[in-house]
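Reading through the structure tokens given below for one structure.
The values are calculated or read from the model by the stated rules, or taken from the named source; none is laboratory data. Keep in mind that this is a model prediction, so the values were computed, not measured. Quick reminder, even Gly has a Cβ in these numbers, built from the backbone with ideal geometry, and neighbours come from all protein chains shown. The accessibility values were calculated without ligands, DNA or RNA, using every heavy atom of the protein model including side chains. Shrake-Rupley method; radii C 1.70, N 1.55, O 1.52, S 1.80 Å.
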Amino acid sequence: MTIREEQVLERIERARGRRARLRDDTIVLAHGSGGKATRTLIDAVFREAFANPVLDRMDDSARFSVNGADLAFTTDSYVVSPLFFPGGDIGDLAVNGTVNDLAVAGATPLHLSAGFILEEGFPVESLRHITESMRAAAEAAGVDIVTGDTKVVERGKADGCYISTAGVGVVTDPPSGAVRPGDAVLVTGPIGEHGVTIMLARGELDLEADLASDTAPLGCLLAELRDACPGAVRRMRDATRGGVATVLNEIASDAGLAIAVDEGAVPVRPAVRGACELLGIDPMYVACEGRAVVVVAPESEAAALAALRAHPLGAGAAVIAHVKDDPSGLVLLKTAFGGTRIVDLLVGDPLPRIC
């Protein structure tokens, strides 16, 4: 490593070590993107107000014990535009997103809540379509929607329908969390399909592609992975807002280690890659709604890949990276041309309101 490279890495490490400061006076779209702006908002406002040991772990789900039972609890909100898109709609997206947050915590999802914010004038038939999608998705995931709430706001005060969900599950086999050098990083299938599908469904671009959202419940897939690699699963994250790149950065930062990605190993469908190239977007940052990033011990790499590929939702799984000692907290991508570049967190998201 050259002196210049060392200086750059030192500056990055100093910048990441500074306390988060929110410099914006108002909320902007970037604050909901899952990137740097979101992290700054969370650290400078929400964590400062609500700090506690469970929240401070910053996992997809909170994990805690009640009367000897290990539970996972998560909550999420959905504002996707459009509400209906190839491969799904806001309803099954809300169910799948919530059960997946529980599944990557090593939990078996049990019950969900569903809160609806509806705009005056929203068609009842559209609401029936959404609730039927939620019912079918909940049945597929093996959960029940057991409680909820409904609010209606004046015409023009919302965008048809927003949904907030919460979910609870029993933790049966949590990831160890102890990411180590040599560990393998896998994705459970081709990336970027959901985000690109939403972008094309908005009709703002003169592009067509045979794509559908990858929204799906991952509980059974990840349970089979854990069964095939007992005790070897270090971390699991679903790659929603900010895509795979954001998840890898969070894992590297939390572990104080580096993640070296092989660009050629990252599975991307030709239609997704083509759309991203036309728009100047890196598919590594595009959201998925039915893909997980999994870190496993090196001796279980082959078994993990085989287990994922044996399941229909993991048929396109691949090993995309390995954990390294340094540079601490960084994600490095080995490009198809043989060079290496840093894959950093984006400030915002090139595709807002994708979930």
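Please return the ranges of strands (runs of 3 or more DSSP E) entirely within the stretch 99-199 where 3 or more residues are hydroxyl-bearing (S, T, Y).
Fully inside the stretch 99-199 and qualifying: 161-171.
Report, by residue number, each residue of the stretch 199-227 that is at pLDDT 95 or above and either hydrophobic (A, V, I, L, M, F, W, C) or surrounded by fewer than 24 Cβ atoms within 10 Å (Cβ to Cβ) (or both).
In the first step, residues of the stretch 199-227 are kept if they are at pLDDT 95 or above; the result is 212-227.
Answer for the stretch 199-227, where residues must be at pLDDT 95 or above and either hydrophobic (A, V, I, L, M, F, W, C) or surrounded by fewer than 24 Cβ atoms within 10 Å (Cβ to Cβ) (or both): A212, A216, L218, G219, C220, L221, L222, A223, E224, L225, R226, D227.
Among the residues of the stretch 219-247, which ones are closer than 18 Å to I354 by Cβ and either touching a strand residue (DSSP E or B) at 6+ places or on another chain (Cβ under 9 Å) or of a type in the set (S, T, N, Q) (or both)?
Answer for the stretch 219-247, where residues must be closer than 18 Å to I354 by Cβ and either touching a strand residue (DSSP E or B) at 6+ places or on another chain (Cβ under 9 Å) or of a type in the set (S, T, N, Q) (or both): R237, D238, A239, T240, V244, A245, T246, V247.
So, of the residues in the stretch 207-227 that are among the acidic types (D, E) and assigned to a helix (DSSP H, G or I), which turns out to be farthest from P109 (Cα to Cα)?
D227
Looking at the stretch 136-147, can you tell me whether even one residue there is open to solvent by 50 Å² or more (accessible area, probe 1.4 Å), under 18 Å from V80 (Cα atoms) and touching a residue at least 40 places away in the same chain (Cβ under 8 Å)?
Scanning the stretch 136-147 turns up no residue that is open to solvent by 50 Å² or more (accessible area, probe 1.4 Å), under 18 Å from V80 (Cα atoms) and touching a residue at least 40 places away in the same chain (Cβ under 8 Å).
What pairs can you find where one residue is in the stretch 67-93 and free of Cβ contacts under 8 Å to residues at least 12 places away in the same chain, the other is small (G, A, S) and open to solvent by 60 Å² or more (accessible area, probe 1.4 Å), and their Cβ atoms are less than 7 Å apart, with a gap of 6+ or different chains?
none
For the stretch 29-66, enumerate the residues that are in a strand (DSSP E or B), surrounded by 12 or more Cβ atoms within 10 Å (Cβ to Cβ) and free of Cβ contacts under 8 Å to residues at least 24 places away in the same chain. Steps first, answer last, please.
Narrowing the stretch 29-66 to residues in a strand (DSSP E or B): 62-66.
Applying the additional criterion that residues be surrounded by 12 or more Cβ atoms within 10 Å (Cβ to Cβ) yields 62-64.
A62, F64, listed by residue number.
If we keep just the residues of the stretch 155-176 that are touching a Phe, Trp or Tyr at 6+ places or on another chain (Cβ under 8 Å) and of a type in the set (S, T, Y), which is least open to solvent (accessible area, probe 1.4 Å)?
Here the answer is T165.
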